[in-house]
Amino acid sequence: MFRSLVTAGAMVALSACAVGPDFKRPDAPTASRYVAAPDQTQRFIYGETPPNEWWTLFQNDELNRLMQQAKENNFTLAAARASLAQAEELLAARSGTRLPKVDLTGGAGRQQLGAQSLGNFHLPTFTYYAIGADVRYTLDYTGGIARSIEQQRALTEYYQHELDAAWLSLTGNVAVQYFTIVFTQAQIQALEDLLAEDRTNVDLVSRAQQAGMVTKVDELSARAQLAQDATLLPPLRQQLDTARHALAVLLGKAPGEWADAKTQFASASDLRLPEQLPVSLPSELVRHRPDILSAESQLHAATAAVGVATANLYPQITLSGNVGQQATTTGHLFDASSLAWGIISGITAPLFDGGTLRAERRAALQAVQVSAANYQQTVLQSFGQVANLLQAARHDEELLLSQTEAMETARSSVDLARRSYSAGNTGVLTVLVAERQSLQARLGLLDAQSKRFVNTAQLLLAVGGSSLSGG
């Protein structure tokens, strides 16, 4: 779909001028949808970009605080900032090559000239002093220097977008770990509540067995259920610890030193899912999603590199000059008669290089094709990601409704089993089975809720998310 648009945008200008192409930004796609709009309670607002601080849509002060800590302390983000700063300095250095280079020169020495310099004429040994300036300028008539500056500017933009991508990834990871912690806490609490009920069952059945009301088998069944349910707790605690440690690292803290490492975060019931989700149109997405903009900047840099390689095929013209004062004594160094100057022009043209320069230009042209293909792939992958998450929103809601119904049914089943057991109509095994089903339904509901929050956050990221540059 985008092959002709991208290739035309990057390659049409290859014939526009002798020393290389003018970059043309790839045209935005005209599609208005990623997939058919799913029918669900969350409302998608197409054509609207998420706010820069997308996580504020969850209206959660804890999450806001964690994002601020990550922004201030994350080392991956710090490295991305430093890479951008480095690229900006390289751009400043490259921009300086467009201007003349001026050097201050000076020297003093004692010299004896021989026949190689003077022939049969003889001069006595003398001392000299000199001070002046040398000027050198490369005439950029081919535009090669300008293209090299353009290339570095595109690379600087690439690092800016990489910084935004790092920030986007960081905020997404913080949100995922936060939601994981909150819902894992809820699962642990649900399991601990069930274990408390299991212990109560064991106590009741033990007393009933001692009174001869139930058999020893019933007591063993109750104890086996308690032991089996207890095995579910360590994996959940490990999951919680892993999420806490991951969040600590994202915040730039060692897990053992993080002040919130043992904090009980908000209850799952306190979380609020955004009812309205802004969804950028495909034509908007390609203009503000960092990974797409990074690929575009790489395409721009590759296009400028063609101009640099083309300019190298042409003669290089340099202009240089010098002016200074030269004398054999310091007292006469600044006399008018001590003035010395010169103006020189030079040209260097490639005659034979074994085909190196032309091969380098052909390689640069192929690099444009590589970058164009990578750009197309990045755009398509981003559309695919958004489409998957839009569908996930519908499926997550279906799963949540099913798990909610299963939870309500399981609760009714437990109540009925307990009443039947108290009346002596059923054995304890029936109660244990009903409680097991209730636990599975409760844990399943929490898992479905967790997936919905995580996928909502990832959708907001996929359709644009945030950037440190405010775009």
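Does GLN385 satisfy being in contact (Cβ under 8 Å) with a residue 40 or more places away in the chain, open to solvent by less than 60 Å² (accessible area, probe 1.4 Å) and part of a helix (DSSP H, G or I)?
Numbers: in contact (Cβ under 8 Å) with a residue 40 or more places away in the chain: yes; open to solvent by less than 60 Å² (accessible area, probe 1.4 Å): no; part of a helix (DSSP H, G or I): yes.
Spelling it out, it is not the case that GLN385 is in contact (Cβ under 8 Å) with a residue 40 or more places away in the chain, open to solvent by less than 60 Å² (accessible area, probe 1.4 Å) and part of a helix (DSSP H, G or I).
Among GLY96, GLY9, which is the only one that is assigned to a helix (DSSP H, G or I) and at pLDDT below 85? Walk me through how you get there before you give the answer.
On the way: GLY96 fails: at pLDDT below 85.
Result: GLY9 is the single residue among GLY96, GLY9 that is assigned to a helix (DSSP H, G or I) and at pLDDT below 85.
In the set ALA423, ALA457, which member is on the phi < 0 side of the Ramachandran plot, touching a residue at least 60 places away in the same chain (Cβ under 8 Å) and of a type outside the set (Asp, Glu)?
Numbers: ALA423 fails: touching a residue at least 60 places away in the same chain (Cβ under 8 Å).
Answer to the check: ALA457.
Any residue at all in the range 449-457 that's surrounded by 22 or more Cβ atoms within 10 Å (Cβ to Cβ), of a type outside the set (Lys, Arg), over 47 Å from the mean Cα position of the chain (by Cα) and part of a helix (DSSP H, G or I)?
no
Suppose the filter is of a type in the set (A, V, I, L, M, F, W, C), over 30 Å from SER297 (Cβ atoms), within 60 Å of the chain's Cα centre (by Cα) and surrounded by 13 or more Cβ atoms within 10 Å (Cβ to Cβ); does ALA133 pass it? Spell out how you get there, then give the answer.
Details: of a type in the set (A, V, I, L, M, F, W, C): yes; over 30 Å from SER297 (Cβ atoms): yes; within 60 Å of the chain's Cα centre (by Cα): yes; surrounded by 13 or more Cβ atoms within 10 Å (Cβ to Cβ): yes.
Against the criterion (of a type in the set (A, V, I, L, M, F, W, C), over 30 Å from SER297 (Cβ atoms), within 60 Å of the chain's Cα centre (by Cα) and surrounded by 13 or more Cβ atoms within 10 Å (Cβ to Cβ)), ALA133 qualifies.
Can you tell me which residue is farthest from THR156 (Cα to Cα) among those in the range 271-292 that are open to solvent by less than 20 Å² (accessible area, probe 1.4 Å) and among the hydrophobic types (A, V, I, L, M, F, W, C)?
Within the range 271-292, the match that is farthest from THR156 (Cα to Cα) is LEU271.
Give the residue that is surrounded by the most Cβ atoms within 10 Å (Cβ to Cβ), with candidates limited to residues of the range 233-270 that are assigned to a loop (DSSP other than H, G, I, E, B) and touching a residue at least 60 places away in the same chain (Cβ under 8 Å). Talk me through it step by step, then tell me what you get.
So in the range 233-270, the residues assigned to a loop (DSSP other than H, G, I, E, B) come out as 251-267.
Those still in the list that are touching a residue at least 60 places away in the same chain (Cβ under 8 Å) too: 251-253, 264-267.
Numbers: LEU251: 22, GLY252: 17, LYS253: 18, GLN264: 10, PHE265: 19, ALA266: 15, SER267: 11.
Within the range 233-270, the match that is surrounded by the most Cβ atoms within 10 Å (Cβ to Cβ) is LEU251.
Give the number of residues within the range 89-138 that are under 30 Å from THR348 (Cβ atoms), without any contact (Cβ under 8 Å) to a residue 60 or more places away in the chain and hydrophobic (A, V, I, L, M, F, W, C).
Qualifying residue count for the region: 5.
Enumerate the pairs (first residue in the range 166-194 and touching a residue at least 40 places away in the same chain (Cβ under 8 Å); second residue anywhere and open to solvent by 20 Å² or more (accessible area, probe 1.4 Å) and β-branched (Val, Ile, Thr)) with beta-carbon separation below 8 Å, excluding pairs fewer than 6 apart on the same chain, so at least 6 apart or on different chains.
Qualifying pairs under 8 Å: ALA166/THR76; LEU170/THR76; ALA175/VAL454; VAL176/VAL454; PHE179/VAL454; THR180/VAL454.
Of everything in the range 69-90 that's open to solvent by 50 Å² or more (accessible area, probe 1.4 Å) and more than 17 Å from the chain's Cα centre (by Cα), which residue is farthest from GLU150 (Cα to Cα)?
Residue satisfying both the conditions and the ranking: GLN86.
The values are calculated or read from the model by the stated rules, or taken from the named source; none is laboratory data. Note that the structure is predicted; figures quoted are calculated from it, not measured. For neighbour counting, all protein chains shown are included, and Cβ atoms are generated from backbone atoms with ideal geometry for every residue, glycine included. Note: areas computed on protein heavy atoms with side chains; ligands, DNA, RNA excluded. Shrake-Rupley method; radii C 1.70, N 1.55, O 1.52, S 1.80 Å.
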